[in-house]
Every structure is written in structure tokens, then in C-alpha cells.
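Everything on this sheet refers to the single structure shown next.
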Amino acid sequence: MLKFKYLFENYDLAKTFINRYTHDQETLDDTLSHFRISANAIYPFYANQKLQFLRLSPACEKQLVCIQAELEFLHYLNNNQFSALIPVKSLTGDFIITQQTMWGEYHAVVFESVNGYAIDDLHLTDTIVESFGNTLGKLHLLSSQFNPNLKRKTHTDVFDWIESVYKTHNVSEEFMHQLMMNRLEMQSIQMNKDNYGLIHYDYEIDNVFYDEKTLNCSVIDFDDSMYHFYVVDIIQALESLKEIVDESHWEYTKSLFLKAYENTGRNVSGIDSYFDIMRKFCHLYQYGRIMNSISEQRDDEPIWMTELRKKLIIKMRTLEKNITSH
């Protein structure tokens with residue numbers, strides 16, 4: 001999540017970059033109003049009546065090499081018949097534009113919209129669950145064969161980042177202990193090409209789109225991808241599913257998802273033993289990201305930002321309980 005100072009809409013900034021791409025001027029103002037800002041600023045617009053998305057990242061928050069590595073993986077996936085976001089070239093033929101503006105330096109990338117609807121907007125069926133699981137299996141299979149020129153961050157890099165944020169904000173000794181123990185637990189797991197590789201890290205029902213015509217899924221938002229144990233993606237996928245499934249149907253739905261995943265040749269035997277370790281990592285990381293996001297406070301914060309800050313602080317309290325209860 002971006003720091004709060006970057007959460008304000010900025011249509012002039014968006015237009016500065018959109019003007020460097022093919023776009024439909026007559027619909028631009030209306031379409032831009034449907035922006036969203038979280039880990040990046042996302043501004044929709046049309047080009048030749050096709051929906052596209054401009055993603056803006058402050059250069060001080062995101063390194064250029066990370067975006068380049070993300071696009072390298074996306075090109076690899078799309079070239080191997082995996083339906084993921086398709087980057088769009090600018091008018092000058094660039095996939096990434098870095099520009100100094102009056103609001104600071106930004107990196108811009110444009111993506112085509114994918115087919116279908118986000119799974120969390122659909123009535124969940126067995127077919128959708130199976131496609132959701134099968135798609136993750138295919139993603140991990142391709143990832144295990146990926147030999148990139150550019151490297152993404154690793155889970156060890158993330159541990160270092162979390163520790164830095166925790167120290168900066170003087171978290172309790174208990175939290176530092178939990179972080180150290182989680183790192184040691186992770187180190188004790190034997191790492192190999194079958195259980196460790198480039199994961200999505202946000203493979204949830206709002207980032208996977210299901211097309212009812214083709215019965216296939218498309219995956220968006222590879223921004224958080226990192227090298228980690230594949231089971232982390234499975235955990236996050238299952239937890240997002242669990243939020244929309246009746247408790248009485250959960251074990252059936254979970255089994256359906258895992259069988260579909262295994263049908264791609266992936267192995268899930270024994271993964272339950274790693275759930276607590278990986279889940280704690282996710283909680284520790286999320287806690288650090290929220291802490292970093294809300295660290296700066298303006299005197300003139302609008303009401304919506306004050307309310308968002310309150311919600312995030314409540315989320316942090318929940319994470320604190322989850323982290324220290326294990």
C-alpha cells in the first residue's frame with residue numbers, strides 16, 4: 001500500500017502520461033473518475049474503444065528494475081498461453097515510461113483489460129473453483145520453468161524490509177521475536193525447484209477474472225510477486241475463497257480447488273504442515289506495510305483519509321493478535 005500522501009486522485013498527472021499513449025479523448029474525463037489507489041494509482045481509459053488501465057507508481061516507492069522484472073514475467077506467461085495482463089506500448093514504443101513531473105518522478109505502465117469478471121463479483125460454482133485452482137497450478141508450473149534475466153525480490157529480502165520498518169517504528173520486543181522466529185522456521189524448510197519459485201503473492205478472488213464464455217481465468221496484479229514457497233499462493237487463494245463460501249461447503253470447496261491444482265501436475269501433499277508458518281509471514285508483512293503506509297500524517301487530512309486510517313489501525317490490532325497468538 002502506498003503512503004497516505006499518494007492516495008489523492010490526480011487527473012492532471014494521469015493525463016500527463018495517458019497523452020503518451022493512444023487513447024479516446026472524448027471519453028477520458030468520465031472514465032478517469034473510476035480510478036482506484038492502493039499499492040499503485042490505477043486510472044482506466046479507452047483506446048480505440050478498448051478498456052485499458054494506466055498504473056502509476058511514485059519512483060521513490062517503486063524501483064524501475066522491479067517493474068522491468070514484472071513485465072519480463074508477464075511477457076513470458078503470455079508467450080506460453082497463460083492469460084495474464086498484457087502490457088501496452090506507448091506512442092514511442094516503450095512499455096515503461098519514467099518521467100519527472102511537477103508532482104515528482106513517476107513510473108507508468110499501461111495494461112489491456114482482461115476478459116471476464118473478478119471471481120468475487122460472480123456467483124461461485126464448482127466450475128469456477130476448479131478453474132481458479134487449475135490456473136494457479138499452471139502459473140506455478142510455468143514459474144518453475146522460468147529463467148529470468150531480471151530477478152524479483154525474495155522472501156529473505158522481504159524479511160529484511162519488515163525488520164527495517166519494525167526498527168524504524170520501534171515495535172515491541174515481542175514482535176521482533178516473532179519476526180526472528182518466523183525467519184528461523186522458514187530457514188528450516190528444505191527449498192527446491194518444486195516448492196519454491198516466483199509466486200504471485202496476491203492470488204485472490206479479486207485478482208482472478210473468470211470468463212464464462214471460455215471457462216478460463218485470467219490473472220491480474222503481479223505487482224507483489226516475489227520468490228517464495230508456492231504454498232503461500234495456495235494459502236491466500238484458499239483464504240479468499242473461504243470468505244465467500246458457506247462453512248458447511250468449505251471442505252468440499254477446498255478439496256475441489258486442491259484437486260484442480262494437482263491436475264496440472266503440481267503436488268500439494270503435506271502442505272498443511274506449512275500453513276501456520278506461511279500465514280504468519282503474510283501477517284508480519286501486512287503489518288509492516290500498513291505501518292509504513294500510515295507513518296506520515298497531514299494536519300489537513302480529509303475525513304475519508306482519517307476514517308481509512310482508523311480502519312487500518314483496527315486491522316493492525318487484529319494482526320497483532322494473530323501474530324502473537326501462534
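The values are calculated or read from the model by the stated rules, or taken from the named source; none is laboratory data. Given the structure is predicted, the values throughout are model-derived calculations rather than measurements. Neighbour counts are summed over all protein chains in view; Cβ atoms, including those assigned to glycine, are modelled from backbone coordinates with ideal geometry.
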Take the stretch 206-224 and flag every residue that is buried (at least 21 other Cβ atoms within 10 Å of the Cβ) and either of a type in the set (D, E, K, R) or part of a loop (DSSP other than H, G, I, E, B) (or both). Asn207, Asp221, Phe222
For Leu32, the lone unmet condition from (1) touching a Pro at 6+ places or on another chain (Cβ under 9 Å); (2) in contact (Cβ under 8 Å) with a residue 60 or more places away in the chain is (2)
Looking at the stretch 187-198, is at least one residue assigned to a strand (DSSP E or B) and touching a strand residue (DSSP E or B) at 6+ places or on another chain (Cβ under 6 Å)? yes
Looking at Asp12, Asp24, Asp29, which one is acidic (Asp, Glu) and in contact with a strand residue (DSSP E or B) (Cβ under 6 Å, 6 or more places away or on another chain)? Asp24
Suppose we filter the stretch 277-317 for residues that are in a helix (DSSP H, G or I) and out of contact with any helix residue (DSSP H, G or I) (no Cβ under 9 Å at 6 or more places or on another chain); how many remain? 8
Do we find that Ile128 is outside any strand (DSSP E or B) and touching a Phe, Trp or Tyr at 6+ places or on another chain (Cβ under 6 Å) in this structure? yes
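A quick yes/no check of all residues on (1) closer than 23 Å to Ser143 by Cβ; (2) in a strand (DSSP E or B); (3) outside the structural domain of Gln145 (by TED's automatic domain parsing); (4) at pLDDT below 95:
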position	(1), (2), (3), (4)
Ile67	yes, no, yes, no
Glu70	yes, no, yes, no
Leu74	yes, no, yes, no
Leu77	yes, no, yes, no
Phe82	yes, no, yes, no
Ser90	no, no, yes, no
Gly93	no, no, yes, no
Gln99	no, yes, yes, no
Tyr106	no, yes, yes, no
Selection from the stretch 110-155 of residues of a type in the set (S, T, N, Q) and surrounded by 15 or more Cβ atoms within 10 Å (Cβ to Cβ) yields Ser113, Asn115, Ser131, Asn134, Thr135, Ser143, Ser144
Look through Val245, Val268 and report the one residue that is assigned to a loop (DSSP other than H, G, I, E, B), surrounded by fewer than 20 Cβ atoms within 10 Å (Cβ to Cβ) and free of Cβ contacts under 8 Å to residues at least 40 places away in the same chain. Val268
